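First the structure, in the form of structure tokens, and then the observations on it.
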Amino acid sequence: MMNLRTFKFVAGRLANEQDINNGAAVFLQQVEGRRIGEPSDILVPQYAYLTNEDGSKELGIIIQAEKAPNKDDIIGFYSLAKDDFSVALLNEFQLLGKNKPRH
């Protein structure tokens, strides 16, 4: 099972294509090949619940956090239940920190 010690992530900088190819990042912020945005100050990696549209919560790991030009925090997330990556805004998450929650 994946945990924070074994998972790849990007922290303190913007992700690049190598990070995407290595599975350490989920998205790139670019316009016409030029990088945009800035690193977020959100703790990465950490456990979090993503709230889905139906209100259900999905446990996973935040592996990337960047600020968009409009200052929204964009999160790269790995779902432990679905074994899949997604991207969402910070307001869709409940941040849990470094300790894995017990169900």
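Read the figures in this text as sums done on the coordinates, not as results from a lab. Please read all numbers here as calculations on a predicted model, not as lab measurements. Because the Cβ atoms are built from the backbone with ideal geometry, glycine has one as well, and the counts that use them run over all protein chains shown.
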Legend entry - Pairs, first free of Cβ contacts under 8 Å to residues at least 40 places away in the same chain and of a type in the set (A, V, I, L, M) in segment 37-53, second crowded, with 20+ Cβ neighbours inside 10 Å and in a strand (DSSP E or B), C-beta under 6 Å, six or more apart: Val44/Ile62; Val44/Ala65
Inset, instruction - Look at Val26 and say whether it is in a loop (DSSP other than H, G, I, E, B) and closer than 13 Å to Leu95 by Cα. - result: no
Inset, instruction - Look through segment 43-64, keep the residues that are of a type outside the set (Ser, Thr, Tyr) and more than 13 Å from Glu92 (Cβ to Cβ), and return whichever of them is surrounded by the fewest Cβ atoms within 10 Å (Cβ to Cβ). - result: Leu43
Inset, instruction - Restricting attention to segment 88-97, report how many residues are surrounded by 10 or more Cβ atoms within 10 Å (Cβ to Cβ) and outside any strand (DSSP E or B). - result: 2
Legend entry - Pair list, Cβ < 7 Å and 6+ apart or interchain, from segment 62-91 residues that are more than 10 Å from Val44 (Cα to Cα) to residues that are among the hydroxyl-bearing types (Ser, Thr, Tyr) and assigned to a loop (DSSP other than H, G, I, E, B): Glu66/Ser40; Lys67/Ser40; Asp73/Ser40
Inset, instruction - Look at Gln18 and say whether it is part of a strand (DSSP E or B) and exposed (fewer than 14 other Cβ atoms within 10 Å of the Cβ). - result: no
